[in-house]
Every structure is written in structure tokens, then in C-alpha cells.
Amino acid sequence: MYNLIRSELFKLRKDRSFRVLLLVTAVLSLAYPLLYYFDNKSSGDPQFTGAEFLLKFMASNGYVIKFGVAALAGFFIASEYATGVMKTIASSGNDRGRLFTAKLIGFSVGAMVISLVFPVVSTTEVSLLSGFGHLPEGVDAFFIPRALGLTLLYTAGYAAIGALFTAVFTESGKTIGFSMIFFLMIDTILGGLGKYIPFFTTVYDYSIFKLMGDISKPSIGSGDLPALLLVPLLTIVAAGLLGILVFRRKEIK
């Protein structure tokens, strides 16, 4: 198992699509704060400090996570079906459950790295331009490590779902397309269904899709923290087990 994980991490480091996603995300993360910097400069409005920018725009990182997971799932995992790599790996004699788990771990690591690019790069740039400043009054002193830690955890949850989709569709285009539509529309779908069937409201309230918005909250009560931690962990386990089940039954051509 250890060698399988090492192999996936090695492939991740060499993967061109992963590097491109990192580069594109970094460029956008540099450009986004500059729009506000020059706009505020021309209008005479006060500039954001690094702390203020992170607090205000941390929620925007959710879109980076969704698009990053969808794209990486298609290029890093699903593309191996088309190239024949997956068939070779599956016929190597290793248990398919271990193969899928190793791929999920490597994929999750890549997605988590991408998820940190926007908050780290943009906050660093704004801090160089206007200073880091300090967190506003009323904001939890542990906001930054908590927000970054939850970002990694929720990204792993999204990655588990993305890996499940790769086992279902086995094609890059279908995986990327369906994942993007699913991640962008699931909030609307569950919210709409909840108006007619209360059960879906409960499902949505305790899903990573809803709770990911709480990552950027200035402070989180001790009563809310267990759900914030357990929901993504349960999502990883559930989606991972479903992915293993599908992968074991899948006929790889």
C-alpha cells in the first residue's frame, strides 16, 4: 500500500495537468487582488490589508476548490482509462480497493495543494502591497489556522466525491463536465427540494456543500465544530467506500 501511494504521489508531481492547474490558480490569485487594489487606488478608498482580504474573500475559495477538484479528477485519474494505464494497473495483481485508495490519496493531496493557492498567494500579495494588518475585533484569534485546516479537510471531502465520479464515468470529459455541474448545482437542487420535502433540507444542512460556507465565518461556536469536522470525514469514508465498490465492479477496457 505504501508503494502504491508513493507511486501516485510521484505521478502527481510529474503530472502536467496538475502543474498547469497550479499555475493558472496562482496567476488568478495574483490578478484578483490587483483588481481591488487599483480600483481602490483610483477611487481613493482605503486598501484592504492582508488580514481583511483573507477574511472577506475566503469564501470565494470554494469555487477554486470545486473547479480544481473537477478538473484534476478528469485529467489526473479519468484520463488513465483512455490511455490504458488504468487497465495495466488493474491487471497488476494488486487489490482494486488498495489501488483506488492510493489514487484517492494522491488525488486528494493534489486537490488540497490547489485549494491553498488562492488564500496563501492572494493574502501574501495584499500583505506586500498594504501590510498584513490585524484581524478585526470579534474575529477568532485562531481564524487563519482554523480556516486553512478546514479548507484542507473539506477539499479532501470534495476530492472523494470527485474520485467516485471518475470510477463511474471513466472518461475525462464526462468526469469534468458532470463534476462541475454537480458541484455548482447541488446547492440549488437540494435547497429547491427542501422547500417541498423537509428531509432534503436536513440533508443539505448537514452536507459538505452547505457547511463549506462556514469555513470563512469569523468565529465558530464550540457546538458547531463537531459537525464541521465529522461531516467531511464521513463524506470521505462514504464516497471512498462507494468508489471502491464501483471500481471493483467496473470492467476496465
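The values are calculated or read from the model by the stated rules, or taken from the named source; none is laboratory data. Just so you know, these numbers come straight off a predicted model, no measurement behind them. Cβ sites come from the backbone with ideal geometry, for glycine too, and all protein chains shown count toward neighbours. To get the accessible areas, we keep the full protein, side chains included, count just its heavy atoms, and leave off ligands, DNA and RNA. Shrake-Rupley method; radii C 1.70, N 1.55, O 1.52, S 1.80 Å.
Where a ≥ b ≥ c are the square roots of the eigenvalues of the C-alpha gyration tensor, would you call region 156-253 rounded, which needs a/c under 1.5, or, failing that, prolate if a/b is larger than b/c, or oblate?
prolate
Once you sort the root eigenvalues of the Cα gyration tensor of the chain as a ≥ b ≥ c, which label holds: rounded (a/c under 1.5), prolate (a/b larger than b/c) or oblate (the other case)?
Details: a/c = 2.11, a/b = 1.52, b/c = 1.38.
Verdict is prolate for the chain.
Of LEU104, MET185, VAL139, which is farthest towards the positive pole of the chain's charge dipole, taken about the Cα centre with +1 and -1 on the beta-carbons of Lys, Arg and Asp, Glu respectively?
Going by the Cα projections, it comes out as LEU104.
Distance between Cα centroids, region 189-253 to region 23-37: provide it in whole Å.
30
Residue-wise, which Karplus ³J(HN,Hα) couplings in Hz belong to region 174-186, taking 6.51 cos²θ - 1.76 cosθ + 1.60, θ = phi - 60°, and x for glycine or proline?
So the J values, rounded to whole Hz, are 5, 5, 5, x, 5, 4, 5, 5, 4, 5, 7, 9, 4.
Would you kindly find the accessible area of ARG98, with a 1.4 Å probe and non-protein molecules such as ligands, DNA and RNA excluded, rounding to the nearest 10 Å²?
Only protein atoms counted, so the area is about 130 Å².
List the lysines whose alpha-carbon lies under 25 Å from that of LYS87, not counting same-chain residues fewer than 8 positions away?
LYS11, LYS14, LYS103, LYS174, LYS250, LYS253
Suppose every K and R has +1 on its Cβ and every D and E has -1 on its Cβ; what is the size of the dipole of region 72-222 about the Cα centre, in Debye to the nearest 20?
Values: 9 positive and 9 negative charges, 88 e Å.
It comes to approximately 420 debye.
Let a ≥ b ≥ c be the square roots of the eigenvalues of the Cα gyration tensor of region 80-225; is it rounded (a/c under 1.5), or, if not, prolate (a/b larger than b/c) or oblate?
Details: a/c = 2.32, a/b = 1.43, b/c = 1.62.
The shape class here is oblate.
Roughly what angle does helix 143-169 make with the longest principal axis of the chain, taking Cα atoms, 0 to 90 degrees, to the nearest 10?
That works out to roughly 30 degrees.
Per residue, how much accessible area does region 1-156 show when a 1.4 Å probe rolls over the protein heavy atoms, in square angstrom?
Computed with neighbouring chains in place, this is 50 Å² per residue.
Between the alpha-carbon centers of region 1-22 and region 77-121, tell me the distance in whole angstrom.
Between the Cα centres of region 1-22 and region 77-121 lies a distance of 7 Å.
Over the Cα atoms of region 160-211, what Rg and Dmax result, in angstrom?
My reading of the Cα-based Rg and Dmax gives 12.6, 35 Å.
Would you tell me the accessible area of LYS56, worked out with a 1.4 angstrom probe on the heavy atoms of the protein chains, in Å² to the nearest 10?
Here the residue's solvent-accessible area equals roughly 120 Å².
What part of the accessible area of region 1-249, given as a whole %, is carbon or sulfur when the probe is 1.4 angstrom?
Result for region 1-249: 68 percent of the exposed heavy-atom area is carbon or sulfur.
Helix 16-43 versus the longest principal axis of the chain: what angle, 0 to 90°, nearest 10, using Cα atoms?
Approximately 20 degrees, to the nearest 10.
Can you list the HN-Hα couplings for region 213-220, worked out from phi with the Karplus curve (6.51, -1.76, 1.60; θ = phi - 60°), rounded to whole Hz and with x for Gly and Pro?
x, 7, 4, 8, 4, x, 8, 10
I'd like the accessible area for MET112, computed on protein heavy atoms only with a 1.4 Å probe and all protein chains in place. Round to 10 Å², please.
The accessible area of MET112 comes to roughly 50 Å².
Using Cα atoms only, what is the angle between the long axis of helix 61-72 and the major principal axis of the chain, expressed in degrees (0 to 90) to the nearest 10?
Approximately 20 degrees, to the nearest 10.
Tell me, what ³J(HN,Hα) does each residue in region 110-127 have, in order and in whole Hz, if you take phi through Karplus 6.51 cos²θ - 1.76 cosθ + 1.60 with θ = phi - 60° and put x for Gly and Pro?
Values, residue by residue: x, 5, 5, 4, 4, 5, 8, 4, 4, x, 6, 5, 5, 5, 5, 5, 5, 5 Hz.
Say we join alpha carbon atoms closer than 10 Å with springs in a Gaussian network model of the chain; which of GLY194, GLY240, GLY223 then has the biggest fluctuation?
GLY223
Based on the Cβ-Cβ distance of SER60 and VAL20, what FRET efficiency does E = 1/(1 + (r/R0)^6) give at R0 = 35 Å, to the nearest 0.05?
Working: r = 21 Å, r/R0 = 0.60.
So the FRET efficiency works out to roughly 0.95.
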